[in-house]
1. Within segment 76-96, is even one residue of a type outside the set (D, E), crowded, with 20+ Cβ neighbours inside 10 Å and not in a helix (DSSP H, G or I)?
2. Suppose we filter I50, I92 for residues that are among the β-branched types (V, I, T) and closer than 17 Å to I128 by Cα; which single one remains?
3. Within the bounds of segment 27-49, is there any residue that is open to solvent by 20 Å² or more (accessible area, probe 1.4 Å), in contact with an Asp or Glu (Cβ under 6 Å, 6 or more places away or on another chain) and charged (D, E, K, R)?
4. Between F141, F121, F167, which is at negative phi, open to solvent by less than 10 Å² (accessible area, probe 1.4 Å) and in a helix (DSSP H, G or I)?
5. Which of the residues belonging to segment 97-112 are open to solvent by 20 Å² or more (accessible area, probe 1.4 Å) and of a type in the set (S, T, N, Q)?
6. If E127 satisfies all but one of (1) open to solvent by 30 Å² or more (accessible area, probe 1.4 Å); (2) free of Cβ contacts under 8 Å to residues at least 40 places away in the same chain, what's the number of the condition it fails?
7. Tell me which of these Q147 doesn't satisfy, since it passes every other one: (1) touching an Asp or Glu at 6+ places or on another chain (Cβ under 8 Å); (2) modelled with pLDDT of 90 or more.
8. Evaluate segment 171-182: report whether one residue or more is out of contact with any Lys or Arg (no Cβ under 9 Å at 6 or more places or on another chain), closer than 18 Å to R45 by Cβ and at pLDDT 85 or above.
Amino acid sequence: MSPLWIVLIVVALLAVWVVFSYNRLVSRRNEVDNAWAQIDVQLKRRLDLIPNLVETVKGYAAHERGTLEAVVQARNAAISARGQGTGSEQQIAAENQLSGALRQLFALSEAYPDLKANQNFQQLQGEISDIENKIAAARRFFNNAVQEYNTGIQQFPAALFAGPLGFHEKTFFEAGEERQVLEKAPQVKF
């Protein structure tokens, strides 16, 4: 076999490998985008329910204006952050802030038995809790897809051409400040 044929075979094999690697990275990037779209659907549903929840609480806890305003501001921040791009750090931070504000709002229901007993409030709280569970599941799926994608673009030899071909590292959807609350052990007092 002549050296020219050997070089052509090596170049052809290299080209096939580059195409295969590129297609694998595109597939992983699309998985990340799809996972974010699933989170985004749940976040949109949550944003749509919040005005109803705030109006329900207003009637029972009118003097808790600060908490209600914090929820509304967090919702508005989350809405404006939606345009920042797929899984942007600003959107993730805004959604984490909204989750914290909602927790404060639900804590109000403990102080107002009439509110806690209100059927509309219970229904809205149940729907938002269901959405929060779906967001948590979608977040796990998204973070797994991001981990696989980031690993794919960082591994050698794909790392040599991933950046120049437009594959850049994605951000995980972490709990943010919420993590400190989640990691803190509960205190039991009698």
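1. yes
2. Selected residue: I50, the only one of I50, I92 that is among the β-branched types (V, I, T) and closer than 17 Å to I128 by Cα.
3. For segment 27-49, residues open to solvent by 20 Å² or more (accessible area, probe 1.4 Å), in contact with an Asp or Glu (Cβ under 6 Å, 6 or more places away or on another chain) and charged (D, E, K, R): present.
4. Of the residues listed, the single one that is at negative phi, open to solvent by less than 10 Å² (accessible area, probe 1.4 Å) and in a helix (DSSP H, G or I) is F121.
5. Scanning segment 97-112 gives Q97, Q104.
6. So E127 meets the others, but not (2).
7. (1)
8. Within segment 171-182, none of the residues are out of contact with any Lys or Arg (no Cβ under 9 Å at 6 or more places or on another chain), closer than 18 Å to R45 by Cβ and at pLDDT 85 or above.
The values are calculated or read from the model by the stated rules, or taken from the named source; none is laboratory data. These numbers come from a predicted model, not from an experiment. A quick note on method: Cβ atoms are made from the backbone with ideal geometry, for glycine too, and the neighbour counts reach across all protein chains shown. Side chains included, ligands, DNA and RNA excluded: accessible areas come from the protein's heavy atoms. Shrake-Rupley method; radii C 1.70, N 1.55, O 1.52, S 1.80 Å.
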